[in-house]
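See structure below.
Bear in mind these aren't lab numbers, they're just calculated from the coordinates by the rules spelled out. Given the structure is predicted, the values throughout are model-derived calculations rather than measurements. Using ideal geometry, Cβ is built from the backbone for each residue, glycine included, and neighbour counts are taken over all protein chains shown.
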Amino acid sequence: MACRGHVAGRLNGCGNLRREWRATFRGAGGLWKDYKPEELANAEAFAKNPKLVWEWYNHRREIIAKALPNPGHKALVEFEKRKPRFTLITQNVDGLHDRAGSGKILKLHGDIWRMKCTVCGANWPDRRTPLPRLPPHCQCGGLARPNVVWFGEPLADGMMKEAEHAVTSAQVFLVIGTSAVVLPAANLVPYARKAGAKVIEINTEETAATGMVDCVLRGPAGDLLPRLL
Ligand code: BV8
Ligand code: ZN
């Protein structure tokens, strides 16, 4: 399929990083301490046992800190250089797009390298791995939480609006390495289609979006994305 004009929107999931979201789980036992991601990535679990939830984030931060952006991340940096109206929309909280050099990133689900105070609402970067003390606290003494969007929580104000605008004004929308299950992120696919964008899925497997896209490129994003340049 020939992609004309410019790529102005793309959504990616952690397939772009070998499933960080699940990679930190798919250890020998398949889960982290027998917890499913959804069981820990929510406010109730944090309220009940903030130390446990922070052990999980500390664990993921240590894995991500050792990871390097792959050719897929790097190709997206190149797209951004070549396409004036390029927007990178990610569900990943790993910060690897930043490390690859991407500039214009809509982080739908937040950033694992930032913390937020549950008392005063302060928000600050913290890249220490491992974290010296769990759970970490804010300067005000308040309990800190990861600056990510947990299940059952809304995305940051205006985030979905900005993402919707990017995909509904796009000529081409690349959907890369996501199972397209988690909402509201996955809604961006039908929004883009309805607005007339050519939607291209890049994934190693069939997804919940496959039936909705114009073109499927089946294979690893790290191999296929550089070839689209
Ligand atoms: C909300 C941050 C309402 C945290 C994340 C029942 C039905 C439908 C929806 C719901 C439901 N019950 C609840 C909901 C809503 C829920 C939801 O969607 N649940 C899902 C599980 C059904 N959504 C929410 O709760 C959202 N909030 O709805 O709030 C509200 C509104 C107003 C007021 C109050 C409340 C919040 C969702 C955000 C959750 N946070 N992350 C953290 O990281 O700790 S989600 C997290 O998981 C990631 O950010 C990402 O979004 C998702 C993982 O999905 P993928 O990235 O797609 O990864 P996955 O492993 O699934 O798939 C990897 C894919 O890559 C595969 O397709 C694979 O084939 C492919 N792949 C692998 N390797 C490669 C590859 N492709 C290419 N190349 C490769 N090399
Ligand atoms: Zn505080």
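At 0.36 nm per residue, minus the direct Cα-Cα distance, what do Cys120 and Ser169 gain on full extension? Give it in nm, one decimal, please.
Stretched out fully, the Cys120 to Ser169 stretch lengthens by 13.9 nm.
Please compute the alpha carbon radius of gyration of the range 118-184, then divide it by the globular-protein estimate 2.2 N^0.38 Å. Two decimals is fine.
That works out to 1.54 for the range 118-184.
Which residues make up the longest stretch of the chain clear of trypsin sites (Lys or Arg not before Pro) that lie in a DSSP loop with no more than 13 other Cβ atoms within 10 Å, not counting the sites?
By the stated rule (loop sites, at most 13 other Cβ atoms within 10 Å), 134-229.
Taking the Cβ-Cβ separation of Leu52 and Lys81 as r and a Förster radius of 30 Å, what is the calculated FRET efficiency to the nearest 0.05?
0.10
Given the pairs Lys81/Lys107; Lys74/Lys107; Lys83/Lys198; Lys66/Lys161; Lys74/Lys194, which are separated by over 22 angstrom at their Cα positions?
Over 22 Å Cα-Cα: Lys66/Lys161; Lys74/Lys194.
Calculate, in whole percent, how much of the Cα-Cα pair population of the range 184-229 lies beyond 13 Å.
More than 13 Å apart: 56 percent of the Cα pairs in the range 184-229.
Output needed for the range 41-125: three equivalent-ellipsoid semi-axes, defined as square roots of 5 times the C-alpha gyration tensor eigenvalues, in descending order, whole Å.
Equivalent ellipsoid of the range 41-125: 29, 15, 10 Å, largest first.
Using amide H atoms built in the peptide plane, which far-off residues or other-chain residues are under 5 Å from Gly110 H to H?
Amide H neighbours of Gly110, under 5 Å, 5+ apart: Val149.
Quick one: net charge of Val216's neighbours, Cβ under 13 Å, K/R +1, D/E -1?
So the environment of Val216 carries a net charge of -2.
Given points 7 Å out from each Cα along the Cα-Cβ axis, report the Ala208 to His137 separation in nanometres with one decimal.
Roughly 4.0 nm, to one decimal.
For Lys198, what residues show an amide H to amide H distance below 5 Å, using hydrogens built from the backbone and excluding near sequence neighbours?
Val172, Phe173
Projected area of the chain, taken from the Cα convex hull and averaged over every viewing direction, in nm²?
Over all viewing directions, the chain projects a mean Cα-hull area of 12.3 nm².
How far apart, in nm, are the 7 Å Cα→Cβ label points at Val181 and Ala156?
Distance between the two pseudo-spin positions: 2.6 nm.
Which percent of Cα-Cα pairs in the range 27-90 sits in each 10 Å bin, short to long?
Final binned percentages: 17, 32, 24, 22, 5.
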